[in-house]
Amino acid sequence: MFAIVEIAGLQYKVEQDQKLFVNRLKGDKGGKVSFDKVLLTVNGAITVGAPAVNGITVEAEILDHVKADKVIVFKKKRRKGYKVKNGHRQSLTQIVITGITGFEGGAKKAAKKETVKAEVLSDHATVNFGEDHELNYHLKKNGLSQSKENREALIALGKEVKAELGKDVLTHEDVDAAIAKNIENFKALNK
């Protein structure tokens, strides 16, 4: 189990009981800090945030405030007598990851989303009553003319069938069954 978390502007891959150095954090030695900007978690299943994973936090404890090794910054322009030597020591905080929490809620949300996605039909399995070519397809399939009156009657029929079945979207089979049941209404329009 690990997570990718943003700490003080930088991203780190962290695990339980891992020690790492990060940019200087506010807080005293021995203090607790938590980070809620978790970008990715792996706990049996991979969860990617957009941009962050909701409900997951990384808990850490501050071990010490230290300075990094000295970095020498040397500038020189040849034949000009220009030389500048500077040093820099970055201020760091050493932390230990005490835990990654919130997986119970995140797992339930992920499971809930998967069940919702399974129930939703794909676009090619449903009928869009705003598209004339889909209406014409069903009219032609049932031997009816593709006139404007027939399309309007099919739209009205679709609304009735949606109300009867209690669905928001209808499949092609639902529409064909409704047309077969009400074929006399369409033939009356053609006369």
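Kindly write out, for the stretch 138-146 in residue order, the coupling ³J(HN,Hα) from the Karplus curve 6.51 cos²θ - 1.76 cosθ + 1.60 (θ = phi - 60°), rounded to whole Hz, with x marking Gly and Pro.
With the stated coefficients, the stretch 138-146 comes to 5, 5, 5, 4, 9, x, 10, 6, 9 Hz.
Counting Lys +1, Arg +1, Asp -1, Glu -1, what net charge surrounds residue 3 among other residues with beta carbon under 10 Å of its beta carbon? Walk me through the numbers before you get to the answer.
Details: positive: 13; negative: 15.
Taking every other residue near residue 3 into account, the sum is 0.
Taking 0.36 nm per residue of sequence separation and subtracting the Cα-Cα distance, how much length would be gained by fully extending the chain between residue 65 and residue 140, in nm to one decimal?
Details: separation 75, 0.36 × 75 = 27.00 nm, distance 7.69 nm.
Answer, rounded to one decimal: 19.3 nm.
Give me the 1.4 Å probe accessible area per residue for the chain, excluding ligands and nucleic acids, in Å². Walk me through the intermediate numbers first.
On the way: 13130 Å² over 191 residues.
Ligands and nucleic acids excluded, the result is 69 Å² per residue.
Would you tell me the accessible area of residue 149, worked out with a 1.4 angstrom probe on the heavy atoms of the protein chains, in Å² to the nearest 10?
Here the accessible area works out near 100 Å².
Show me 80-90, 126-136 ranked by packing, highest mean number of other Cβ atoms within 10 Å first.
126-136, 80-90
Please list, or write none, the aspartates and glutamates whose alpha carbon is within less than 16 Å of the alpha carbon of residue 32, excluding same-chain residues fewer than 8 places away.
17, 59, 61, 64
Quick check on the chain: take the gyration tensor over C-alpha atoms, sort the square-rooted eigenvalues as a ≥ b ≥ c, and tell me if it's rounded (a/c under 1.5), prolate or oblate.
Values: a/c = 6.35, a/b = 2.75, b/c = 2.31.
Note, shape of the chain comes out prolate.
Residue 34 accessible area, nearest 10 Å², 1.4 Å probe?
Here the residue's solvent-accessible area equals roughly 70 Å².
If R0 is 41 Å, what FRET efficiency do you get for residue 23 and residue 78 from their C-beta distance, rounded to 0.05?
Working: r = 36 Å, r/R0 = 0.87.
So the FRET efficiency works out to roughly 0.70.
To the nearest 10 square angstrom, how much accessible area does residue 137 have with a 1.4 angstrom probe?
Answer for residue 137: close to 120 Å² accessible.
Report the net charge of residues surrounding residue 35, where surrounding means a beta-carbon distance below 12 angstrom and charges are Lys +1, Arg +1, Asp -1, Glu -1.
On the way: positive: 32, 37; negative: 6, 36, 59.
Net local charge, residue 35 excluded: -1.
Quick check on my link table: of 29/75; 19/67; 141/187; 19/75; 19/70; 140/181, which ones sit more than 26 Å apart, alpha carbon to alpha carbon?
Details: 29/75 37 Å; 19/67 16 Å; 141/187 14 Å; 19/75 35 Å; 19/70 21 Å; 140/181 16 Å.
Result: 29/75; 19/75 exceed 26 Å.
The values are calculated or read from the model by the stated rules, or taken from the named source; none is laboratory data. Worth saying up front: this structure is predicted, and the values here are computed from it rather than measured. When we count neighbours, we look across all protein chains shown, and the Cβ atoms used for this are built from the backbone with ideal geometry, even at glycine. Note: accessible area is taken over every heavy atom of the protein model, side chains too, but ligands, DNA and RNA are not part of it. Shrake-Rupley method; radii C 1.70, N 1.55, O 1.52, S 1.80 Å.
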